[in-house]
Structure formats: C-alpha cells, structure tokens
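The values are calculated or read from the model by the stated rules, or taken from the named source; none is laboratory data. These figures come from a predicted structure and were not determined experimentally. Because the Cβ atoms are built from the backbone with ideal geometry, glycine has one as well, and the counts that use them run over all protein chains shown. All accessible areas refer to the heavy atoms of the entire protein, side chains included, with ligands and DNA or RNA removed. Shrake-Rupley method; radii C 1.70, N 1.55, O 1.52, S 1.80 Å.
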Amino acid sequence: MAMRRANGSGNVVKMKGNRRKPWRARVTVGWTEDGKQILKNIGYFESRKEADKALVDYLSCPYDLTVTQMTFKELYEVWFEEYREKLSGVSSERTIKSAFSYCGSLYQMKVRDIRSYHLEECMRTGEALVTRGKDKGSMRKASAGTQARMKSMFNLMFDYACKRELVDRNYARAFELGREIKE
C-alpha cells in the first residue's frame, strides 16, 4: 500500500477503463474563491512509478505547466516579436519569415518534443508555397541558402527557449550543416 502524500504535494491516480497510460499525475496550482482546488495535469503514464517520478521531478523544480504545451509555431511568434527589434531592416525580417515558411512539418509539434532529427528532417524535406511569380501556387523545396537560414533561425529560437526554460537543451546546436550547404 502506497503512503499518503503531504498536503500540497500533488497526487497520482489510476484512471478508469482500459488505457495505454492509466496513471495520471497532477498538482494543485491554486484555489477558487469558493475554496475548491484548481488542478493541473503533469501527464499520463504507463506505470505508477513513472507518474511518481514525474511528480517528484515537478515538485523539485516547478515549471509553468501551460508553457510545456507550447507549439513550435507559438514559440516562433513569441520569439519573433522580441527578435524583430534587433533586425536591421525589412529584408532581414523577410528572410526569417521565408525560412519559417519551410517548417510546416513542425508547426503543431510541442517544443519540448522536438529533437535534432526533427529539425534536420525539416531542413531536408521542407517545402513552402510559392506566393509570387510564374510558379505561384506550387510547392518549392528549400535551397541550400534557405537551409542555412533555417539552421540559424533554429539556433536562435532554441537559444531563446533555453533561456525561458521551455526546453532543457538546444537541439538545433546538436547537428552541423552538410558540406554542400556550407559551400
């Protein structure tokens, strides 16, 4: 029989039904005016041991639970608003926006779930919709120069995410550009 947790240290419960991840870990983040708890889920887990570990990890270093749900697209929007002030002109801004348009495969991924192989795959297979010229409406693959700009943008975005403690590590710096892209 498991011991009871101290007040305010969260709980781990087994959900009803036949589920892949039946164990839920959650914590109290506040109280309503009528005295009811406001609970937030840390996550769902396959075993009680995993749920207990996640709860202990959270309690040892609490983080904003809403930030863990941030997608790549949301991170870009927040980061770009701040980074825009550092840009020298309209051309620099257009370059960043263009590089981002090739990252469609990452838009809905949670930032915490993105790894270096996702970023590399995005650079290699990324496509963007052509909005001007004779090829308007068709899809275009990222050129070597665009891939270099994408890599630079990933580095800056994940540096920003590390500073804000959205991720533990900058996975964009875990891989190098290919020689043909550098040249």
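A compact table of results
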quantity	calculated
Count - residues of region 13-23 that are outside any loop (DSSP other than H, G, I, E, B) and under 25 Å from the mean Cα position of the chain (by Cα)	1
Of all residues making up region 149-169, the number that are open to solvent by 50 Å² or more (accessible area, probe 1.4 Å) and touching a helix residue (DSSP H, G or I) at 6+ places or on another chain (Cβ under 6 Å)	1
Whichever residue in region 71-113 is of a type in the set (V, I, T) and assigned to a helix (DSSP H, G or I) and, among such residues, is least open to solvent (accessible area, probe 1.4 Å)	V111
Enumeration of residues in region 16-31 that are surrounded by 10 or more Cβ atoms within 10 Å (Cβ to Cβ) and closer than 13 Å to E46 by Cα	R19, K21, P22, W23, R24, A25
Hits in region 131-156 - residues which are free of Cβ contacts under 8 Å to residues at least 40 places away in the same chain and part of a loop (DSSP other than H, G, I, E, B)	T131, R132, G133, K134, D135, K136, G137, S138, S143
Inter-residue pairs, beta-carbon under 7 Å, first on the phi < 0 side of the Ramachandran plot and in region 158-183, second of a type in the set (A, V, I, L, M) and modelled with pLDDT under 80, 6+ apart	L166/V67
Within region 24-65, considering residues that are touching a Ser or Thr at 6+ places or on another chain (Cβ under 7 Å) and outside any helix (DSSP H, G or I), the one nearest to K110 (Cα to Cα)	L39
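This table checks each residue for (1) in contact (Cβ under 8 Å) with a residue 40 or more places away in the chain; (2) farther than 22 Å from N41 by Cβ; (3) in contact with a Pro (Cβ under 9 Å, 6 or more places away or on another chain).
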position	(1), (2), (3)
T71	yes, no, no
W79	yes, yes, no
Y83	yes, yes, no
K86	no, yes, no
S101	no, yes, no
Q108	no, no, no
L119	yes, yes, no
R124	no, yes, no
L129	no, yes, no
